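Participant: I have a structure here, written as structure tokens, and I will follow up with some questions on it.
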Amino acid sequence: MTDYNFAYLDEQTKRMIRRAILKGLAIPGYQVPFASREMPMPYGWGTGGVQVSAATLTPEDVFKVIDQGADDTTNAVSIRKFFQATAGVDTTEETDKATVIQTRHRIPEAALNEDQILVYQVPIPEPLRFLEPRETETRKMHSLEEYGLMHVKLYEDIARHGAIATAYAYPVKVEGRYVMDPSPIPKFDNPKMTMPAIQLFGAGREQRIYALPPYTEVVSLDFEDYPFEASKADHSCELCGADDSYLDEVIVDDQGGRIFVCSDTAYCTARQAAQQDTPTPQAQEAAV
Amino acid sequence: MTLQNSSDAFRSEYTDHSAPHPLLRVVDIEKCYGQRIGCTGVNFDLYPGEVMGIVGESGSGKSTLLNCLAGHLEPDQGEVLFDTRDAGLVDTVTMAEPERRMLSRTDWAFVHQHARDGLRMSVSAGGNVGERLMAVGARHYGQIRDEAIDWLGRVEINETRIDDRPSAFSGGMQQRLQIARNLVTGPRLVFMDEPTGGLDVSVQARLLDLLRGLVRQMGLSAIIVTHDLAVVRLLADRLMVMKDGHVVETGLTDQVLDDPQHAYTQLLVSSVLQV
């Protein structure tokens, strides 16, 4: 398609976004303001992630998009098609083949490597937002490292539910400095955030970009007597049998029947394919 | 006795090192709102364990002064020296903001007239009391909760209300909760802005009784701004009377109330309704 510049955005805009990304990488966890552009999709569909991806993609990249772990949902399909059309990059559903992965609300189950970039779509980048509505005040709290309020939220959880009930967007502390919203990923994924890949976070409506360089220390906040726990449904996947992956609960009939399946479709598909090739249980284990 | 010291005379008076150390020294504070004077030429020392009352009519600059002292407003001139734990007397006006905010979380407390201004209405009573503890690094839920229960007891709020939100509390209970929330880190100086305003008289009496007990037990220093002379009669050791941004009279509470010298103080004292 020749009507668009490579990856839709003009070069000046991409430079502006890259500057914000570099600044974000230099100060892990710090929310860098940037001049978010109108994108040809509504806010909440991943305009922040799309802009970061557009500024990150090169013609040689292989692009993968997941939405809640799945490659085949509306959001993932439309964003993948968008970049197929405007950038002409190769796309894939296989995690290990991708060089840039845009994600909404999940980290892939397969471990990422140093040659990969993970781009998150972020609805509300400010972890303190629901506790302190004033932006001027939250900025001051970040700059002065006043994060007691974040624990008030966790305290309220325990007081009301008997345990830390926050299950997604679980606040983390980055390199012992900034408290950061990891975007609405399940807290199951929090421990994976210290990883070899670069992680970029784009919030289009809120006009913020933040980032984690490879191997950044990311610690989930907790209390000494109520330690952080990465939780998942206490089942194994109905389709591939995995008991180590994050599961979606799927209602299958109107009789109350329900099954649990991997939310990461690429992971599940690969496991099922491996099981068909090698039917013996021992071989199955080896293949995984 | 009227106090209109020039600041120089005031300074020299305190170069005598044998005198006990003041907790707070206010030197020549002035705050103007454009052409209008908020408060001007205010000087005083507050010693540990002392309670000072500031009275005056509405618009006399009481709250402006209190906000300047507590760091909520920046005064146009003057110094507010606080006896910090590690560095002695330090001017809190020119102090770095992180340090000042640290002070206001630890050694200072501020009780607002309206409890809603001082509480987080969407957070439970226990969370409200625990917030200051967590702000200074407490990370053990059980200990924070025990401390919160202890403090709710001290301000006569039943332990069973610990998980209720302040919006479910009566006005008097909200005010007591605000006090608990402020005193939990063991501050040395408490600023109170009309702590009994808007409460009915029997609730006022109970709150005053509680405050008096806490101030004496903990050896707190306090600055209480009020227009209610009964409040200062009960709580304050010393009294400062303000009018039109100026301090018109200071002295021991009983002395000022029983033998007012300035015309305005005489008017103020005679205006109190007798039942």
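The values are calculated or read from the model by the stated rules, or taken from the named source; none is laboratory data. Since this is a predicted model, take the numbers as computed values, not measurements. Note that we place each Cβ from the backbone using ideal geometry, even for glycine, and neighbour counts take in every protein chain shown.
Participant: Scan region A:163-201 residue by residue and report those that are over 11 Å from the mean Cα position of the chain (by Cα), part of a strand (DSSP E or B) and over 13 Å from residue A:220 (Cβ atoms).
Facilitator: Result: A:178, A:198.
Participant: Could you check region A:229-249 and list, in sequence order, the residues that are loosely packed, with under 13 Cβ neighbours inside 10 Å and not in a loop (DSSP other than H, G, I, E, B)?
Facilitator: A:249, the sole residue that qualifies.
Participant: Identify, by number, the condition in (1) farther than 22 Å from residue B:212 by Cβ; (2) within 14 Å of chain A (Cβ to nearest Cβ); (3) buried (at least 18 other Cβ atoms within 10 Å of the Cβ); (4) touching a helix residue (DSSP H, G or I) at 6+ places or on another chain (Cβ under 7 Å) that residue B:152 doesn't meet.
Facilitator: (1)
Participant: Go through region B:52-69 and count every residue that is buried (at least 21 other Cβ atoms within 10 Å of the Cβ) and over 17 Å from residue B:266 (Cα atoms). Lay out the reasoning, then the answer.
Facilitator: So in region B:52-69, the residues buried (at least 21 other Cβ atoms within 10 Å of the Cβ) come out as B:52-56, B:60-62, B:64-66, B:68-69.
Cutting the leftovers down to over 17 Å from residue B:266 (Cα atoms) gives us B:52, B:61-62, B:64-66, B:68-69.
Number satisfying all stated conditions: 8.
Participant: Listed residues A:226, A:178, A:210, A:170; which is more than 14 Å from chain B (Cβ to nearest Cβ) and surrounded by fewer than 21 Cβ atoms within 10 Å (Cβ to Cβ)?
Facilitator: Details: A:226 fails: more than 14 Å from chain B (Cβ to nearest Cβ); A:210 fails: surrounded by fewer than 21 Cβ atoms within 10 Å (Cβ to Cβ); A:170 fails: surrounded by fewer than 21 Cβ atoms within 10 Å (Cβ to Cβ).
The conditions single out A:178.
Participant: Scan region A:10-32 and give yes if some residue there is farther than 25 Å from residue A:126 by Cα and within 17 Å of the chain's Cα centre (by Cα), otherwise no.
Facilitator: no
Participant: Just the residues that are more than 9 Å from every other protein chain (Cβ to nearest Cβ) and under 23 Å from residue B:138 (Cβ atoms), please, taken from region A:131-142.
Facilitator: A:132, A:137, A:138, A:141, A:142, listed by residue number.
Participant: Could you list, in sequence order, all residues of region B:248-275 that are over 27 Å from residue B:214 (Cβ atoms) and assigned to a strand (DSSP E or B)?
Facilitator: Answer for region B:248-275, where residues must be over 27 Å from residue B:214 (Cβ atoms) and assigned to a strand (DSSP E or B): B:248, B:249.
Participant: Let me confirm something: among A:54, A:98, A:85, which residue is surrounded by fewer than 22 Cβ atoms within 10 Å (Cβ to Cβ) and of a type outside the set (Lys, Arg)?
Facilitator: A:85
Participant: Which one is modelled with the highest pLDDT among residues in region B:183-200 that are assigned to a loop (DSSP other than H, G, I, E, B) and farther than 19 Å from residue B:128 by Cα?
Facilitator: B:188
Participant: Here is a list of conditions, (1) surrounded by fewer than 19 Cβ atoms within 10 Å (Cβ to Cβ); (2) more than 12 Å from residue A:209 (Cβ to Cβ), and residue A:7 meets all of them except one; can you say which number that is?
Facilitator: All conditions pass for residue A:7, except number (1).
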